[in-house]
Amino acid sequence: MTTFDDRLLRPDLDDPHGSPFWHHCHAGDLRIQACTGCGRLRHPPRPMCPWCQGTGHEWRRMSGRGRIWSFVKVHPPLLPAYGEHAPYNAIVVELGEDSTIRLVGNLVSGPEGTLEEIDAGTIEIGEPVEVCFQQIAEDVTLPRWRRSS
């Protein structure tokens, strides 16, 4: 398990709308909230569909595949818990199921990869990626991304 100062990374596991996302990630499953009225995916999760104003929803399993939509090489100065990892990459991934759904994470070699292991200079917009899950605390697992073909 990779360890960080989880005060900086800890999602709100008690949030009634977002906590299911994090619980699914902890189980190694990427799921996105979908409206049961119109069927559209929405992220971040929320109580009402912005398209049809329906309040019904379900959590749909995603393939975990996507493409890099954007990225940045993060440099100091940083919050102290991240300083030892800099410089590192942060990427925005558009999901294969819906290009309007974008998740922020890091490009790593796999579930045990470190934030700084892949140089941002090697990353390309449009590059295919797939999700991998990295446990950072006993109850917190983050979706991260690795290259795919």
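The values are calculated or read from the model by the stated rules, or taken from the named source; none is laboratory data. Treat the numbers as computed from the prediction; the structure is a model and nothing was measured. No Cβ is skipped: glycine too gets one built from the backbone with ideal geometry, and neighbour counts run over all protein chains shown.
Within region 119-141, the set of residues being among the hydroxyl-bearing types (Ser, Thr, Tyr) and surrounded by 12 or more Cβ atoms within 10 Å (Cβ to Cβ) comprises THR141 only.
To keep it simple, each residue is scored yes or no on (1) in a strand (DSSP E or B); (2) within 20 Å of PRO45 (Cβ to Cβ); (3) touching a residue at least 12 places away in the same chain (Cβ under 8 Å); (4) assigned by TED's automatic domain parsing to the domain that holds ARG40.
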position	(1), (2), (3), (4)
SER70	yes, no, yes, no
LEU78	no, no, no, no
ILE101	yes, yes, yes, no
GLU116	no, no, yes, no
GLU124	no, no, yes, no
PHE133	yes, yes, yes, no
PRO143	yes, yes, yes, no
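For the residues LEU78, LEU103, LEU107, LEU41, the requirement of being modelled with pLDDT under 95 and surrounded by 14 or more Cβ atoms within 10 Å (Cβ to Cβ) singles out LEU78.
Out of all the residues in region 45-55, is one or more assigned to a loop (DSSP other than H, G, I, E, B) and either in contact (Cβ under 8 Å) with a residue 60 or more places away in the chain or under 18 Å from ILE136 (Cβ atoms) (or both)?
no
Kindly evaluate GLY113 against the criterion of being more than 14 Å from the chain's Cα centre (by Cα) and either of a type in the set (A, V, I, L, M, F, W, C) or loosely packed, with under 15 Cβ neighbours inside 10 Å (or both).
Values: more than 14 Å from the chain's Cα centre (by Cα): yes; either of a type in the set (A, V, I, L, M, F, W, C) or loosely packed, with under 15 Cβ neighbours inside 10 Å (or both): no.
In short, no.
Does ILE91 qualify as being in contact (Cβ under 8 Å) with a residue 60 or more places away in the chain and either surrounded by fewer than 18 Cβ atoms within 10 Å (Cβ to Cβ) or touching a Phe, Trp or Tyr at 6+ places or on another chain (Cβ under 9 Å) (or both)? So ILE91 does not fit the description; no.
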